[in-house]
Structure formats: structure tokens, C-alpha cells
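Notes to accompany the following structure.
The values are calculated or read from the model by the stated rules, or taken from the named source; none is laboratory data. Since we're looking at a predicted model, the values are computed, not measured. Don't worry about glycine lacking a Cβ; one is built from the backbone with ideal geometry, like all the others, and counts go over all protein chains shown.
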Amino acid sequence: MQNSAISFSVCVDNRPERVMQVIRELRADYIVLYNDSLTLVTIRHYNEEVIEETTKGKKVFVQQKSRHTARL
């Protein structure tokens, strides 16, 4: 999950009925954009070389890093 003053990004399990229900409800008050058929990759104790190798030839939509974990 990522928040800013004007946006909210989240990655959820693929349960189409539930996801579409939430999207319909959110669209009542917000502009909703979404992508499907994506994969969340979590790398513990990463380094930049591993991230580059993992993402080579792929489009990264969201990237989040902490001291020990990278999520792409």
C-alpha cells in the first residue's frame, strides 16, 4: 500500500468479484484506475544488482524499498 496527499495505491489478491465490488463502491467518490494480471515480487536482503536482474525486460508499476526488503 502506498499513500500520498492525492493518491492511494494497493496490491490485492486476484478475487475478481470482490475487487470489482470495491472498485464500483470507490468510483462513487473517486477516479479509480487499476491494472490486473500483475505479479508482486518481494526480495529480502536485496541489492541493486538483484533488482535489475529481476526486473530486466519488465515494466515496474510500483516499487517500495525498506532497509531489508524490496517490493516490486
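Among the residues of the stretch 21-37, at least one is of a type in the set (Lys, Arg), modelled with pLDDT of 90 or more and surrounded by 10 or more Cβ atoms within 10 Å (Cβ to Cβ). May I ask you to verify whether ILE23 is in a helix (DSSP H, G or I), free of Cβ contacts under 8 Å to residues at least 24 places away in the same chain and more than 14 Å from the chain's Cα centre (by Cα)? Judged against the criteria, ILE23 is a match. Just one of (1) loosely packed, with under 10 Cβ neighbours inside 10 Å; (2) among the aliphatic types (A, V, I, L, M); (3) out of contact with any strand residue (DSSP E or B) (no Cβ under 9 Å at 6 or more places or on another chain); (4) at pLDDT below 95 fails for MET1. It is (3). Filtering the stretch 46-72 to residues that are in a helix (DSSP H, G or I) and either among the hydroxyl-bearing types (Ser, Thr, Tyr) or assigned by TED's automatic domain parsing to the domain that holds CYS11 (or both) leaves THR54, THR55.
Of the set (1) in contact with a strand residue (DSSP E or B) (Cβ under 7 Å, 6 or more places away or on another chain); (2) surrounded by 10 or more Cβ atoms within 10 Å (Cβ to Cβ), all apply to HIS68 but (2). Return yes or no: is GLU48 of a type in the set (Asp, Glu) and either at pLDDT below 90 or closer than 17 Å to GLN64 by Cα (or both)? So GLU48 passes the test. Looking across the stretch 51-62 at every residue that is within 16 Å of SER9 (Cβ to Cβ) and out of contact with any strand residue (DSSP E or B) (no Cβ under 7 Å at 6 or more places or on another chain), the one that is modelled with the lowest pLDDT is identified as PHE61.
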